[in-house]
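Have a look at the structure below before the remarks.
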Amino acid sequence: MSKVKELPGEAIVAATQAPSIGNSFRAYVQRVRGGDMGSLPAVLGLVVLCAVFAIARPSFVTAINFANLFTQGAAITLIAMGLVFVLLLGEIDLSAGYASGVCAAVLAVTLASLGLPWYVCALAAILTGVVIGVVLGALVAKVGIPSFVVTLAAFLAFQGLVLVLVKEGTNISVRDPVIVAIANKNLEPWLGWALYAVCVGVFAAIQLVRATRRAKRGLTADPLSLIAFRVGTLAVLAGVAVFVLNLERSRNPALVSLTGVPIVVPVILVLLVVWTVILRRTSFGRHLYAVGGNTEAARRAGIPVDRLKISAFVICSAMAAVGGIVAASRASSVDPNTGGSSVLLYAVGAAVIGGTSLFGGKGRVLDAVLGGAVVAVIENGMGLMGYGASVKYLVTGCVLLLAAGVDALARRRAAAAGLR
Amino acid sequence: MTPLLEVRGIDKSFGPVKVLHNVEFSAYAGEVTALVGDNGAGKSTLVKCIGGIYPIDGGEIFFDGKPVQIHTPRDAGELGIEIVYQDLALCDNLDIVQNMFLGRERKSGLLLDEDSMEELAEKTLSSLSVRTVKSIRQQVSSLSGGQRQTVAIAKAVLWNSKVVILDEPTAALGVAQTAQVLELVRRLADTGLAVVLISHNMNDVFAVSDRIAALYLGRMAAQVKTSDLTHAQVVELITAGRSGELGLKNGVTP
Ligand SMILES: Nc1ncnc2c1ncn2[C@@H]1O[C@H](COP(=O)(O)OP(=O)(O)O)[C@@H](O)[C@H]1O
Ligand SMILES: [Mg+2]
C-alpha cells in the first residue's frame with residue numbers, strides 16, 4: 001500500500017472549530033457574506049417596516065392591530081408554505097391563489113347547500129386541493145409541460161371554476177360557527193400561555209436531547225450557551241407576543257371582551273412544525289432538496305423524480321385549500337374574488353421574501369411565515385397610512401422584485417464564492 | 001483469473017448514431033484498469049450503460065462470472081458497482097454527508113438518522129486517509145474541485161462497493177489535486193476493489209494503471225497490460241485504433 005503524500009497545494013485540513021456562540025456567529029457572518037443570507041433580509045425588513053409604521057402611525061403598535069396582522073396574513077402565509085415545496089424544485093405554481101378560491105368555494109357550497117358538518121366540508125375542500133395538485137403535477141412531471149404554462153392555464157381555468165361554483169357571481173356566506181371561528185376567534189388567555197409553554201419547552205427539549213445525543217457519539221454538538229441563546233430568544237419574543245395578544249383589545253370591554261391568541265396562530269404553528277419536520281428530517285424532504293439542487297444527480301441516485309414533483313404540487317394545492325378555508329372564514333363568505341387579485345403574488349412574494357429561492361434547491365417552510373409577516377405588515381401599515389390599493393400594489397410589487405433581486409444576486413455571489 | 005466485471009458485445013445507439021460497437025471490456029479485482037480513448041470515443045457512454053443510466057441495445061454484462069441485468073442505477077448499486085461520473089453527480093445545495101447518502105439515507109423509524117450517517121461518512125473519509133474538510137456538514141458548493149472529487153469518490157466507496165468506475169476524475173484538477181486523487185485511486189485498488197479509471201492523460205494512466213483498454217470510435221481497440229505498452233503505442237491506439245500488431249484491423253475488432 002502506498003503512502004499518503006503531503007500535498008502542499010491543497011490544504012483541506014482545518015482543525016474542527018470548537019463550537020461556541022462566537023464561532024457560530026462568525027460562521028453565520030461568513031455564510032451571509034458568501035451569499036447565503038437565509039432569512040436575514042426578511043427579518044431586517046420586518047424590523048425596519050415596523051419601525052417606520054410605528055413612527056408614522058402610533059395606531060400601528062396597538063394590541064388590536066397586532067392581532068389583526070395575524071388574521072390578515074394567515075391565508076397568504078398558508079398558501080406560501082405550500083408554494084415553498086414547488087419552489088424548492090425550481091418549479092412555480094401560478095394557480096395556487098385561485099386553487100384556494102376553488103377549494104373555498106367547495107367548502108362554502110357543501111356547507112350552504114348540502115348542510116354537511118364542517119369537518120366533512122373542510123375535508124372536501126382539502127381533497128379538492130389534492131386532486132388539483134395531482135393533475136397539475138402529472139401535467140408537469142409526466143407530460144412535461146413547463147409548470148409556468150400549466151399553472152398559468154390553471155390560473156385562468158380556476159377563475160372560471162370559482163364562477164361556476166358560486167353561480168356566476170353570487171356571494172355565498174359561510175355561517176358555520178367552527179369555520180368562522182378559525183380566523184375570527186381567539187384562544188382563552190390561559191390556553192395561549194399553555195401553548196407558549198409547550199412550544200418553548202418542546203423546542204428546548206429537542207435542542208438539548210439532540211446536543212447530548214451527538215456529544216455522546218463524539219460528534220460536534222451545539223454548546224449549551226448557544227442553545228440557551230436560541231431558547232431564550234424564542235421565549236422572549238413569543239412571550240411578548242402572547243402577553244400583548246392577551247391584553248384587552250375591545251373598544252368597549254364592558255360590552256364584549258376581546259382577548260387572546262387568534263386561533264390561526266396555532267393552526268399555522270402546527271403546520272409549520274409538521275412541514276418542517278417532513279422537509280428536514282425525512283428522506284422525502286431530503287430528496288426534494290436534491291431534485292431542486294441537481295435533478296440529474298438525484299435521478300442517478302435512484303430518486304423517483306416524477307413522483308416527487310407530483311407530491312410537491314399536491315402539497316402546494318392542499319395548502320392552498322387550507323389557505324382558502326382560512327380566507328373563507330375571515331370573510332365569512334366566498335365570492336368570485338376569493339383567492340383572486342393579489343393573493344398569488346403576495347404568497348409567492350412571501351416565500352421569496354422569506355428567503356426561498358426561485359431557482360430551486362433552497363428554502364424553508366419558516367421562510368413563508370417570515371415573508372408572510374412582511375407582506376401582512378406592508379398591507380396593514382399602508383392601510384393605516386391611508387394609502388389606497390394603488391400604492392399598496394406598487395410597494396408590494398417593488399418588495400417582491402427586491403426580494404427576487406436579492407435571491408438572484410445571492411446566487412451569483414454564492415457561485416463566485418464556490419468557484420474560488 | 002476471472003474478471004470481476006466483464007461486458008461482452010455491447011452495442012449502443014442514440015437514434016441513428018451508433019456509439020458503441022460490439023464492445024468487450026473487463027475489470028479485475030485489485031487492479032486499476034485504465035479506459036482511454038479520444039473525445040467522443042464512447043467512454044462515458046460505456047460507463048453509463050454499465051451504471052444503468054442508459055439501456056444497452058445488445059450484449060451481456062457479467063459480474064463475478066455470472067450474467068446480470070442492470071436496468072437502473074439501483075441495480076448497479078446493489079451489485080456493488082459505483083460510478084463517479086464525469087459531470088459530478090453531486091447536489092451543490094446539500095452538505096457532504098447528505099450527498100454521500102443521497103438516495104440511500106439511513107433512517108430510524110420515519111425520520112432520518114443524521115448522526116449515524118455523519119459518523120459513517122466521517123469514518124469513510126478518514127479510512128481513505130482523506131484529511132478532512134473543514135466540516136463534513138459543509139455545503140458541497142463551498143468545496144474546491146479536488147475536494148468535490150474526493151467527496152464523489154468517498155460516496156462511491158461508502159457502500160462496500162466492489163467495482164468503482166471513475167470517469168475523468170482529474171480532468172478539471174490542478175497538479176497537486178490530481179496527484180492526490182490518483183493516490184486515492186491506487187489505494188482503492190490496493191484494498192481489493194476493481195477500479196476503472198477513465199483518463200486522457202498518459203502520465204496519469206501509466207502512473208496508476210495495471211491494464212489499459214483503448215476505445216477507438218466506439219470499438220475496443222485493445223486491452224493490454226500496462227507493463228507491455230509504451231506511451232507511444234497507447235497514443236497510436238487512441239488516435240488510430242491500432243499500433244503495429246495491436247488494435248483494430250481495417251477498423252474492426254480482430
Ligand atoms: N445522450 C446522448 N445522445 C446522443 N448522442 C450522445 C449522447 N451521449 C453521447 N453521445 C454521443 O456519443 C459519442 C460518445 O460520447 P461519450 O461517450 O461522451 O464520449 P467520451 O466520454 O469517450 O468522450 C459522442 O459522439 C457523443 O456525441
Ligand atoms: Mg466522457
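Laboratory data are not the source of any read-out in this text; all were calculated from the coordinates shown. What you see is a predicted model, and the numbers here were worked out from it, not measured in a lab. Virtual Cβ from ideal backbone geometry, glycine too; neighbours counted across all protein chains shown.
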**Prompt:** Normalised by the residues of the stretch A:252-321, what does the relative contact order come to in percent, with Cα pairs under 8 Å and at least six apart?
**Reply:** 15 percent
**Item:** Once exposed loop GluC sites (Glu not before Pro) are cut out (DSSP; at most 16 other Cβ, 10 Å), longest piece of chain A
**Value:** A:249-420
**Request:** Could you list A:Met385, A:Met81, B:Met1, B:Met100 in order of exposure, starting from the residue whose Cβ has the fewest other Cβ atoms within 10 Å?
**Result:** B:Met1, A:Met385, B:Met100, A:Met81
**Prompt:** Whole-Hz Karplus ³J(HN,Hα) for the stretch A:139-144, in order, using 6.51 cos²θ - 1.76 cosθ + 1.60 and θ = phi - 60°, x for Gly and Pro?
**Reply:** 5, 6, 7, 8, 7, x
**Request:** Might you report the magnitude of the Cβ-based charge dipole of the protein assembly as shown about its Cα centre, with Lys and Arg at +1 and Asp and Glu at -1, to the nearest 20 debye?
**Result:** 1120 debye
**Request:** Return the calculated 222 nm mean residue ellipticity for chain A, to the nearest 500 deg cm²/dmol, obtained by summing -39500 (n - 2.57) across DSSP H runs with n ≥ 4 and dividing by the residue count.
**Result:** -23500 deg cm²/dmol
**Request:** Give the relative contact order (percent, whole number) for chain A; include only Cα pairs under 8 Å separated by 6+ residues.
**Result:** 35 percent
**Prompt:** Which links in B:Lys43/B:Lys66; B:Lys123/B:Lys225; B:Lys18/B:Lys162; A:Lys216/B:Lys134 stretch past 27 Å when you go from one Cα to the other?
**Reply:** B:Lys123/B:Lys225; B:Lys18/B:Lys162
**Asked** If each residue's Cβ is checked for other Cβ atoms within 10 Å, how do B:His231, A:His287, B:His21, B:His200 rank with the fewest at the top?
**Response** B:His231, B:His200, B:His21, A:His287
**Prompt:** Of B:Leu90, B:Leu215, B:Leu229, which is the most mobile in a GNM of chain B whose springs link Cα atoms less than 10 angstrom apart?
**Reply:** B:Leu229
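What is the calculated FRET efficiency for A:Val277 to B:Glu245, with r their C-beta to C-beta distance and R₀ = 51 Å, to the nearest 0.05? Intermediate results must be reported in sequence, preceding the final value.
On the way: r = 66 Å, r/R0 = 1.30.
The formula returns an efficiency of 0.15 here.
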**Fill in**
Where a ≥ b ≥ c are root eigenvalues of the Cα gyration tensor, a/c under 1.5 meaning rounded, otherwise prolate if a/b exceeds b/c and oblate otherwise, the protein assembly as shown counts as prolate
**Request:** Only helical DSSP H runs with n ≥ 4 go in: add -39500 (n - 2.57) per run for chain B, normalise by residue count and round the 222 nm mean residue ellipticity to 500 deg cm²/dmol.
**Result:** -9000 deg cm²/dmol
**Item:** Rounded, prolate or oblate (a/c below 1.5 giving rounded, otherwise prolate when a/b exceeds b/c) for chain B by Cα gyration tensor
**Value:** prolate
**Item:** Choice from B:Thr178, B:Thr124, B:Thr230 showing the highest fluctuation, given a GNM over chain B with Cα pairs closer than 10 Å
**Value:** B:Thr230
**Prompt:** Taking the stretch A:142-214, which trypsin sites (Lys or Arg not before Pro) meet the DSSP loop condition and have no more than 16 other C-beta atoms within 10 Å?
**Reply:** A:Lys167, A:Arg175, A:Lys185
**Request:** About the Cα centre of the stretch A:236-362, how large is the charge dipole given +1 on each Lys and Arg Cβ and -1 on each Asp and Glu Cβ? Please answer in debye to the nearest 20.
**Result:** 400 debye
**Message:** Suppose a student asked you for the relative contact order of the stretch A:21-140, using Cα pairs under 8 Å spaced at least 6 residues apart; what percent would you report?
**Reply:** 12 percent
